[in-house]
Structure formats: C-alpha cells, structure tokens
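Asker: Right, I'll just put the structure down here and ask away after.
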Amino acid sequence: SPLSSPPPTPPILPTILPNNNTPLRTAPVPHNNNNDDFCAPNRSAQRTITMPNAPAIVSQASPGHPPIMSTGCITMENLAEFRNCAKRHFAYKSIPADTQVSQILFCFDDHNVSAWIAANDETLSTLTFENFLL
C-alpha cells in the first residue's frame, strides 16, 4: 500500500506566561500593558540552544556589536539586560536615537519574534527605543 504522509503540524504560537505562570497561547503583540513575560517556544537557534521554557539569554560580543536575545522566555529581567546592552552599543557606536530601533530589530533569535518583527518592520522602525521595549 502507498505510504501516506502524516497530517501537517499546526503552527506553534508564542506563549504568554502571566504572573501566575499559567501558559496562554497567543500571537506576539507589540505592547503588553500587563507586565506579563513573553515566552516564545524554544527551538534550536543559530547562536544559542536553550531548554524548553528556559529564559532567553542576552549576549553581546562587545559594545561595538548589538546584543542578541536567544530563543526562550522573554522576562522583565532579560529584557532589562537587553536594554542595557543595547544602550551600551548605541553609545559606543554613536547611533542616533531615530535609527536605534532599526539597528536592533533583527537581534532576536526566536523565529516567531523575528517573523513578527519582519511583518511590522516599517511601524516598529518609527518607534523610539524606549517605546519599542514597551
């Protein structure tokens, strides 16, 4: 008998972990007023491999390089670290405020975050860095 292929797997959506750590499935949103952590599903990333539901890791080779956020849960703590590393990079490279967001938009390893950023690139590029992080 002919072999049939398995049914297609539905797309994985990022998970929002509210303060009580109960996972909710939702698409990424540009602004989160609830101070919830954004947890994207973990996949092996080009730069970093993380375990399921592990926090994303922020790395920066030097102040001359923009920071990279690995695949993983984006928390208030690692977002603050990303902010500090990005600010260090902007100061070191004398990057003007109106181009800062476009300089770091593609520094996220998670495929879902990157896809959302790519789909909203024109809008996000007009934001200040501080508004982008909201």
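The values are calculated or read from the model by the stated rules, or taken from the named source; none is laboratory data. Not measured: the values here are computed from a predicted model. Every residue, glycine among them, receives a Cβ derived from its backbone with ideal geometry; neighbour counts consider all protein chains shown. Note: accessible area is taken over every heavy atom of the protein model, side chains too, but ligands, DNA and RNA are not part of it. Shrake-Rupley method; radii C 1.70, N 1.55, O 1.52, S 1.80 Å.
Asker: Using 0.36 nm per residue of separation minus the Cα-Cα distance, give me the extension gain between residue 65 and residue 131 in nm, one decimal.
Answerer: Length gained, residue 65 through residue 131: 21.6 nm.
Asker: If ligands, DNA and RNA are left out, what is the accessible area of residue 121 with a 1.4 Å probe, given in Å² to the nearest 10?
Answerer: The value for residue 121 is about 50 Å².
Asker: Once the Cβ-Cβ distance between residue 98 and residue 54 is put in as r, and R0 is 35 Å, what FRET efficiency do you end up with, to the nearest 0.05?
Answerer: 0.50
Asker: Report the gain in length on full extension from residue 79 to residue 121: 0.36 nm times residue separation, minus Cα-Cα distance, nm rounded to one decimal. Walk me through the numbers before you get to the answer.
Answerer: Values: separation 42, 0.36 × 42 = 15.12 nm, distance 1.94 nm.
Result: 13.2 nm gained on full extension.
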